[in-house]
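Q: Attaching a single structure in structure tokens format; questions to follow.
The values are calculated or read from the model by the stated rules, or taken from the named source; none is laboratory data. These figures come from a predicted structure and were not determined experimentally. Quick reminder, even Gly has a Cβ in these numbers, built from the backbone with ideal geometry, and neighbours come from all protein chains shown.
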């Protein structure tokens with residue numbers, strides 16, 4: 001059995017920080033800690049097909065910090081897809097809610113790189129779930 005535990009833990013820990021960042025006003029050091037989890041070469045395809053790089057992710061987090069009252073993220077269906085010397089690819093399901101009752105459900109696939117023993121997010125693809 002291949003062990004994806006450290007990668008699953010990273011998915012969970014990163015989402016705890018994202019949830020906290022979006023739900024509560026915090027200082028710049030909290031944003032730095034969050035962004036340090038992402039590769040400077042990070043790329044992402046949003047659920048609506050928008051391509052983002054690290055700078056766009058930084059801007060998104062800066063603009064949205066503390067603005068989603070009651071924001072919560074529930075993760076499930078974590079699954080290992082590929083494990084290799086330089087990282088791993090995993091998938092998971094993410095359900096988001098906030099105090100306004102807004103709800104989204106998405107499936108995500110993340111490519112992780114391990115650089116000098118540190119796991120960083122290299123690429124993320126998110127797709128909305130229908131129905």
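Q: Residues in region 62-83 that are under 19 Å from residue 95 (Cβ atoms) and touching a strand residue (DSSP E or B) at 6+ places or on another chain (Cβ under 9 Å): how many?
A: 11
Q: Also, quick follow-up: Quick one: in region 48-59, which of the residues that are crowded, with 16+ Cβ neighbours inside 10 Å and touching a strand residue (DSSP E or B) at 6+ places or on another chain (Cβ under 8 Å) is farthest from residue 28 (Cα to Cα)?
A: Among them, the one singled out is 52.
Q: Which of the residues spanning region 91-102 are assigned to a strand (DSSP E or B) and either at pLDDT below 95 or surrounded by 15 or more Cβ atoms within 10 Å (Cβ to Cβ) (or both)?
A: 91, 92, 93, 94, 96, 97
Q: Right, next: Determine whether residue 29 is free of Cβ contacts under 8 Å to residues at least 24 places away in the same chain and touching a strand residue (DSSP E or B) at 6+ places or on another chain (Cβ under 6 Å).
A: Here the answer is no, as residue 29 does not meet what is asked.
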